[in-house]
Amino acid sequence: MTRALSALIACLTCLQLSAKANDCRNYQHNDSINAELLLTDLRVLSSDDFQGRKTQTAGAKLARDYIAQQLALYQVAPLPNQTDYLLPFHYKNGLTSVEGINVAAMVAGTAFSNKYIIVTAHYDHLGKKGAKVFNGADDNASGVAALLALARYTAKKPLKHSVIFLATDAEEKGLFGAKGFVQTPPVALEDIRFNLNLDMLSQNKGRNRLYISGARYYPELVPVVGKSKEQAGLCLVDGHRSQQRGSIYASRNNWRQASDHAAFARVGIPYLFIGVTDHPYYHTVNDTYERINPDFYRAAAETSLTVLLNMDALSP
Ligand SMILES: [Zn+2]
């Protein structure tokens, strides 16, 4: 009896311990990133001044200028052979050729400087309809602000791999910024080990979960996800869930194609995609700074850094 009882107590303790990690009811913060700067970046990028950051608008230029200014402020350098952070590209809209502009920076690696991890987040959004601004706070000012937080961290504490930080344009139009990057890559594609794509990190409406997908296609990334789930200060779920059929939020159901990581996957670069699933504010005028969940978002950004560090720990 005693032995059975002690086994039972040990088991309850182990359950308690495992409930702490990856807890779906609470968030824990590890203070790996500066929460004030994180939230400021999100608030500024999704403010009315930026007019919804639609490609080829003054709002998109304001967003680029802000991202570039932050990168410069925290001494994250432009890509090698680049004098500034801007990477223009072209895509077809019907018969017209349209210019979009990505923003890119790099922190050289300490051990494998000729191997790259590319962190992506699209900065463009839907712009305005009439007088209504689509602020795109969650989609995807949240990913860009997290990307800036990861860039600040990495600039202070360089990783083993070189890390490229790429804020893409024209994602909403068809992933054109990411496609443009892989069409004329500034580094050889075979030297890019992984893509970590951040798209929508700040809405936990009803479901207290952050999703990470991609590992099912790339066995080498399975342990990265496993370890990150153990370390995450929130509930990190392996694989994006589809919404109910016929739901008005069903537009992003094909998660493999849902965001910029698809352009990297197409050229054989393994990816992990981090984001929430669609929510009632998705692509509406209600996707505003006031409606995000700051505590969840902060834990989501910290978890994105955890995933990046676990990717970096793999050897080339
Ligand atoms: Zn998006």
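Of all residues in the range 184-212, those that are touching a residue at least 40 places away in the same chain (Cβ under 8 Å) and among the aromatic types (F, W, Y) have Cβ atoms under 8 Å from Cβ atoms of residues that are assigned to a loop (DSSP other than H, G, I, E, B) and away from the ligand (no atom under 16 Å from the Cβ), 6 or more apart or on another chain, in F194/I269; F194/P270; Y211/G239; Y211/R241.
Check the range 110-117 and report whether any residue there is within 16 Å of the ligand (Cβ to nearest atom), surrounded by fewer than 24 Cβ atoms within 10 Å (Cβ to Cβ) and at negative phi. There is no residue in the range 110-117 that is within 16 Å of the ligand (Cβ to nearest atom), surrounded by fewer than 24 Cβ atoms within 10 Å (Cβ to Cβ) and at negative phi.
So is A167 within 21 Å of Q69 (Cα to Cα), in a helix (DSSP H, G or I) and within 16 Å of the ligand (Cβ to nearest atom) or not? Judged against the criteria, A167 is not a match. Can you tell me which condition Y27 does not meet? The list is (1) on the phi < 0 side of the Ramachandran plot; (2) at pLDDT 95 or above; (3) in contact with a Phe, Trp or Tyr (Cβ under 8 Å, 6 or more places away or on another chain), and all the others hold. Answer for Y27: the failing condition is (2). Here is the figure for the range 121-151: residues that are outside any helix (DSSP H, G or I), more than 14 Å from the ligand (Cβ to nearest atom) and at negative phi total 5.
Residues that are within 28 Å of P219 (Cα to Cα) and either surrounded by fewer than 19 Cβ atoms within 10 Å (Cβ to Cβ) or within 13 Å of the ligand (Cβ to nearest atom) (or both) within the range 277-304 comprise T277, D278, listed in sequence order. For the range 27-38, filtering for residues that are touching a residue at least 24 places away in the same chain (Cβ under 8 Å) and over 14 Å from Y153 (Cβ atoms) leaves 3. Within the range 260-276, being out of contact with any helix residue (DSSP H, G or I) (no Cβ under 7 Å at 6 or more places or on another chain), at pLDDT 95 or above and surrounded by 24 or more Cβ atoms within 10 Å (Cβ to Cβ) holds for H261, G275.
The values are calculated or read from the model by the stated rules, or taken from the named source; none is laboratory data. On a predicted model such as this, the values are computed, not experimentally measured, just so you know. All Cβ positions, even for glycine, are placed from backbone atoms using ideal geometry, and neighbour counts span all protein chains on display.
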